[in-house]
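Down below is the structure, laid out as C-alpha cells.
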Amino acid sequence: MLQLYQANLLSEPYLYLSAYFNHYRSEYFDRLLAVSQQGEWESWITFVLNAVAEQAIDAYQCGVELVSLRENYRSRFPNSPAVRDVIDHLFEAPYLQAPRAIDATGRSRQAVYDAVKKLSTEAIIVEVTDKDRNKVYKAPDILALVESP
C-alpha cells in the first residue's frame, strides 16, 4: 500500500500492513523463507491477502469511529461555526497550534483562540506544552483511534 501511495495511486496510505506483519512476525519470516527456499508463493500470497483483508476491516472500523466522533464533537457546538471549523481541522491534524488553525480554517485570530478555549474546556483538546505562548494542544480521542493497533 505504501508503494501505491508513493506512486500517487492512492491519496493516503489507508492500510497499515506493517501492523499485521509485526503481529504475525514469526509467520511473516517463515513464509518469506519458504518462498525463497521452496518457491511457496501461494502461501505467501494468501498470507499477504489476509493482511490486506484484516487491515482493510480495521481501517474501515477506524473510519466509522472517526466520523462518529467528529459528528459528536460538531453536535456540541451547533451555533459555533468557528469551533466546528477547528474541529474539522483537528481531524486533519490532531496536534493543534492556533496559528496553523487560523491558516487552515480562514477564521480570525480571535475566533480561533475562542474556539481553542471552548474545545479545551470541553476536554476535546488538551495542552501538551504548558507554556504561556506558542501552545500546542492534542486531541486525545482522535489520536487514540488513529494510533490503536
Taking a virtual spin label 7 Å from the Cα of LEU143 along the C-beta vector, which residues in region 110-129 bring their backbone nitrogen under 18 Å of it? 116-117, 119-129
For the chain, the longest principal axis of the Cα atoms and the Cα long axis of helix 81-90 enclose an angle in degrees, to the nearest 10, of 30 degrees
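Packing-wise, with mean Cβ within 10 Å as the measure, how do 130-136, 98-104, 21-27, 85-91 rank, highest first?
The packing order, highest mean first, is 85-91, 98-104, 21-27, 130-136.
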Using 7 Å Cα-to-Cβ label points, what is the SER75/TYR24 separation (nm, one decimal)? 3.7 nm
Could you please report the charge total around VAL112, scoring K, R as +1 and D, E as -1 over all other residues with beta-carbon less than 14 angstrom from its beta-carbon? +3
Based on the alpha-carbon set only, what is the convex hull volume of the chain divided per residue, in Å³? 138 Å³
Taking the Cα centre of the chain as origin and charging only Cβ (+1 Lys, Arg; -1 Asp, Glu), how large is the dipole, in debye to the nearest 20? 840 debye
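A short reminder: the numbers here are calculations on the coordinates, not readings from a lab. None of the values given here were measured: they were computed from a predicted structure. Because the Cβ atoms are built from the backbone with ideal geometry, glycine has one as well, and the counts that use them run over all protein chains shown.
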